[in-house]
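Novice: This is the structure I want to talk about, given as structure tokens.
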Amino acid sequence: MFVRRRRRPRATLAKASAPAHRPPSPAQPPAPRFISWTALGLLTVASVGNLGSASPLAVVGLSSVFFYVLPALVFLVPISLVAAELASGWPGGVYNWVSQGISAPMGLLAIWCEFAQTIFFYPSLLAYVAGTLAYVFDPGLAANGVYNAVVIIVLFWGGVLLCSLGPALVAKLGSRGTGIGTLIPAAILLALGLAYLAQGHHPAAPMTAHHLLPAWNGLASIVLVVNSFFTYAGVEVNAVHVDELRNPAREFPKAIFLAMALVLAVFIGPTLAISWVIPSAQISFTVGVMQAFNSLFTHFGVGFAVPLIAIALAVGALAGMISWLDGPSEGLLLIGRQQGYLPPYFQKVNRQGIEVRIIAAEGVVITLIAVLYAFIPSVSNAFWIFTTMATQVYLIMYVLLFIAVLRLRRSQPDHPYGYRAPALVLLCLLGGVSSVAAFVIGFIPPSQFGHLNPLTYAVLILAGILAIGIVPPLLMDRLRKPGWKAAGDGSG
């Protein structure tokens with residue numbers, strides 16, 4: 001989801017081999033390196049979601065197709081094309097894009113939201129891991145709040161330890177996570193689901209055309225669409241590769257539509273497979289994937305494989321978390337140093353160049369959030385609440401990007417671009433309105449939450465957004481000092 005730092009190899013001295021009488025030939029500029037649009041499409045697929053996001057949408061059965069396709073058209077495509085224009089015209093990422101297009105305080109808000117959403121996301125991701133690992137020992141533990149809290153805390157701080165050892169190890173772990181924890185399990189789950197239906201079993205959820213659209217029972221019946229927005233979040237990261245295409249204007253849109261088709265295939269199939277074998281009322285938001293695997297493996301007489309697939313899913317999710325861990329915090333560190341938003345204490349890095357003090361401070365907040373799992377009656381509800389908060393905070397950043405790109409196109413019409421998004425106004429209208437709509441809908445509890453008080457739910461979501469997403473950047477802007485600029489260049 002986040003851009004990883006790229007380490008430059010240390011320069012080495014080479015002895016001249018040419019004879020003394022022959023003048024050295026002038027250095028030739030390196031040939032430009034291009035990537036294919038298919039490779040970029042595959043990179044984009046690797047940057048989004050994991051199978052844990054399939055469980056909430058499996059609850060609505062065939063309607064999950066609608067919840068995946070609509071956000072892909074009105075959010076995934078617009079933000080991908082818009083981010084490509086921004087990346088090809090202005091280096092520096094989210095902070096520079098929004099600062100140039102709107103203002104420096106809004107740029108700070110954007111980069112903070114990119115960082116702050118992980119504070120909510122990591123607990124929900126690790127709750128999915130905890131529930132998945134429960135199937136290795138005792139599936140009943142998946143619904144135990146204390147067990148989830150302990151696993152979240154242990155795994156997050158273990159990830160911090162691995163991250164502090166340097167980017168080489170992190171890159172090696174993260175690069176293998178997509179295949180191990182997403183692509184291979186997704187293919188197995190879909191294949192087993194199809195084999196189950198081929199044996200003549202009736203799906204637990206109706207699969208007729210009448211059920212393709214969600215039944216309308218008020219806004220609460222479509223709240224689960226928020227899950228898809230978060231599944232697609234992070235696709236803007238690969239926009240930095242737009243200048244590496246031979247013909248960006250033609251090839252980048254092709255890469256995005258290829259990625260969209262693959263993402264839909266990866267997530268729709270397993271989501272439907274869950275709904276085929278597990279009744280809607282019994283699907284857990286956290287362990288729906290493992291419920292389906294457990295049921296299908298038992299049905300086909302390979303129950304011994306349940307712990308193996310659980311470990312694979314957990315390893316994949318953990319690898320993804322570790323690979324993201326210092327990405328957004330690094331962006332915050334760079335802006336904090338350059339603009340003086342961070343006190344010198346938080347500008348220090350360790351010998352590996354990792355901003356461990358920022359990550360550790362984030363870990364303290366995540367630990368407190370994890371403890372809440374021990375007190376919230378339903379682990380499934382807690383998972384959804386924190387996923388929603390992460391989505392809401394992230395959507396603030398996306399709205400700012402849509403506004404910024406429009407203002408930049410108007411205020412700097414002659415600025416050189418490597419790529420210009422087609423129909424920019426329409427793209428921003430689609431993306432901006434859909435993001436705002438998802439933000440508003442997120443304050444409504446899903447109909448699957450039963451008798452949860454809507455006002456209490458909305459206040460809880462709002463409190464989380466304000467406490468972690470809005471108030472901190474306001475304080476950082478108000479309290480910053482000129483002496484904090486580039487105060488922490490050393491390690492410590």
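The values are calculated or read from the model by the stated rules, or taken from the named source; none is laboratory data. Bear in mind that the values here come from a model prediction, so they are computed numbers and not experimental data. Every residue, glycine as well, gets a Cβ built from its backbone with ideal geometry; the counts of neighbours run over all protein chains shown. Ligands, DNA and RNA are stripped out before the accessible areas are found, and what is left, the full protein with its side chains, is counted by its heavy atoms. Shrake-Rupley method; radii C 1.70, N 1.55, O 1.52, S 1.80 Å.
Novice: Does Ala142 qualify as being at pLDDT below 90, surrounded by 20 or more Cβ atoms within 10 Å (Cβ to Cβ) and over 18 Å from the mean Cα position of the chain (by Cα)? Write out each step before concluding.
Specialist: Working: at pLDDT below 90: yes; surrounded by 20 or more Cβ atoms within 10 Å (Cβ to Cβ): yes; over 18 Å from the mean Cα position of the chain (by Cα): yes.
When the stated conditions are applied, Ala142 passes them.
Novice: While we're looking at this one, here's another question. Restricting to the stretch 251-279, count the residues that are open to solvent by 20 Å² or more (accessible area, probe 1.4 Å), over 14 Å from Leu194 (Cα atoms) and within 20 Å of the chain's Cα centre (by Cα).
Specialist: The total comes to 8.
Novice: Let me ask something additional. Which of the helices (runs of 4 or more DSSP H) found entirely inside the stretch 74-163 contain at least 2 residues meeting this: more than 26 Å from Pro473 (Cβ to Cβ)?
Specialist: Working: elements: 77-89, 93-101, 104-137.
Filter on the stretch 74-163 gives 77-89, 104-137.
Novice: Taking the condition of being open to solvent by 50 Å² or more (accessible area, probe 1.4 Å) and more than 24 Å from the chain's Cα centre (by Cα), how many residues in the stretch 449-483 meet it?
Specialist: Matching residues across the stretch 449-483 total 17.
Novice: Name the single residue that is farthest from Val287 (Cα to Cα) among those in the stretch 131-158 being of a type in the set (Gly, Ala, Ser) and without any contact (Cβ under 8 Å) to a residue 60 or more places away in the chain.
Specialist: Within the stretch 131-158, the match that is farthest from Val287 (Cα to Cα) is Gly158.
Novice: Please name all residue pairs, on different chains or six or more residues apart, with Cβ atoms under 8 Å, provided the first residue is in the stretch 179-201 and is small (Gly, Ala, Ser) and assigned to a helix (DSSP H, G or I) and the second residue is open to solvent by 50 Å² or more (accessible area, probe 1.4 Å) and at pLDDT below 95.
Specialist: Pairs that qualify, where the first residue is small (Gly, Ala, Ser) and assigned to a helix (DSSP H, G or I) and the partner is open to solvent by 50 Å² or more (accessible area, probe 1.4 Å) and at pLDDT below 95, are Gly181/Val315.
Novice: Now, a different point. Within the stretch 232-250, can you find the residues that are part of a helix (DSSP H, G or I) and under 24 Å from Tyr95 (Cα atoms)? Quick ask: steps written out before the conclusion?
Specialist: Taking the stretch 232-250 and keeping what is part of a helix (DSSP H, G or I), we get 232, 235-244, 248-250.
The answer is Tyr232, Val235, Glu236, Val237, Asn238, Ala239, Val240, His241, Val242, Asp243, Glu244, Pro248.
Novice: When you scan the stretch 288-303, how many residues do you find that are surrounded by fewer than 22 Cβ atoms within 10 Å (Cβ to Cβ) and either in contact (Cβ under 8 Å) with a residue 40 or more places away in the chain or more than 16 Å from Asp138 (Cβ to Cβ) (or both)? Working first, answer last.
Specialist: Our first condition is that a residue be surrounded by fewer than 22 Cβ atoms within 10 Å (Cβ to Cβ); within the stretch 288-303, this holds for 294-295, 297-303.
Those left that are additionally either in contact (Cβ under 8 Å) with a residue 40 or more places away in the chain or more than 16 Å from Asp138 (Cβ to Cβ) (or both): 294-295, 297, 299-302.
Count: 7.
Novice: Moving to a separate point now. Could you check, for the stretch 49-59, whether at least one of its residues is at pLDDT 85 or above, open to solvent by less than 10 Å² (accessible area, probe 1.4 Å), of a type in the set (S, T, N, Q) and farther than 18 Å from Leu406 by Cα? Give the steps one after another, and end with the answer.
Specialist: Looking only at the stretch 49-59, we keep the residues that are at pLDDT 85 or above, and these are 54-59.
Remaining after also requiring open to solvent by less than 10 Å² (accessible area, probe 1.4 Å): 54-58.
Filter again for of a type in the set (S, T, N, Q), leaving 55.
Checking the rest, the ones that are also farther than 18 Å from Leu406 by Cα come to 55.
Yes, the stretch 49-59 contains at least one residue that is at pLDDT 85 or above, open to solvent by less than 10 Å² (accessible area, probe 1.4 Å), of a type in the set (S, T, N, Q) and farther than 18 Å from Leu406 by Cα.
Novice: Right, something else. From the list Phe285, Phe229, which residue is assigned to a loop (DSSP other than H, G, I, E, B) and open to solvent by less than 30 Å² (accessible area, probe 1.4 Å)? Walk me through how you get there before you give the answer.
Specialist: Numbers: Phe229 fails: assigned to a loop (DSSP other than H, G, I, E, B).
So the residue among Phe285, Phe229 that is assigned to a loop (DSSP other than H, G, I, E, B) and open to solvent by less than 30 Å² (accessible area, probe 1.4 Å) is Phe285.
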